[in-house]
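The block underneath contains the structure these notes are about, expressed in structure tokens.
Where a number appears in this text, it was derived from the coordinates with a stated rule and is not lab data. All of these numbers come straight from a predicted model, not from anything done at the bench. Positions of Cβ are generated from backbone atoms using ideal geometry, with glycine treated the same way; all protein chains shown enter the neighbour counts.
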Amino acid sequence: MDTRVAILSVIVENTDSTEELNSIIHEYSRFVVGRMGIPYHKRNINIISLVVDAPQNEISSLSGRIGRLAGVTAKAAYAKL
């Protein structure tokens, strides 16, 4: 299986989506290398960095599912490996 290393940048503006977001991330946990969450209280948002090592289609699927949540934005950046 050919995999790629990527970081997903996730911004949560609607905390009502947090439970579903965590559920989605758990579904893809076999691909997760690391996760860091930062609550930004001044702006009332949460920022999550999610490092994954997965096939391209799995990364796209994960990013798309997260990005479709209400009040959540997700973007992926890929390593050139």
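Per-structure values
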read-out	value
Centroid-to-centroid separation of the stretch 55-81 and the stretch 31-50 [C-alpha atoms, Å]	15 Å
Anisotropy class of the stretch 38-81 from Cα gyration tensor, a/c 1.5 cut	oblate
Value of [θ]222 nm, deg cm²/dmol, for the chain, DSSP H segments ≥ 4, -39500 (n - 2.57) each, nearest 500	-8000 deg cm²/dmol
Order by protection proxy (mean Cβ within 10 Å, highest first), peptides 15-25, 38-48, 52-62	52-62, 15-25, 38-48
Neighbour net charge for E58 - beta-carbon separation under 14 angstrom, K R +1, D E -1	0
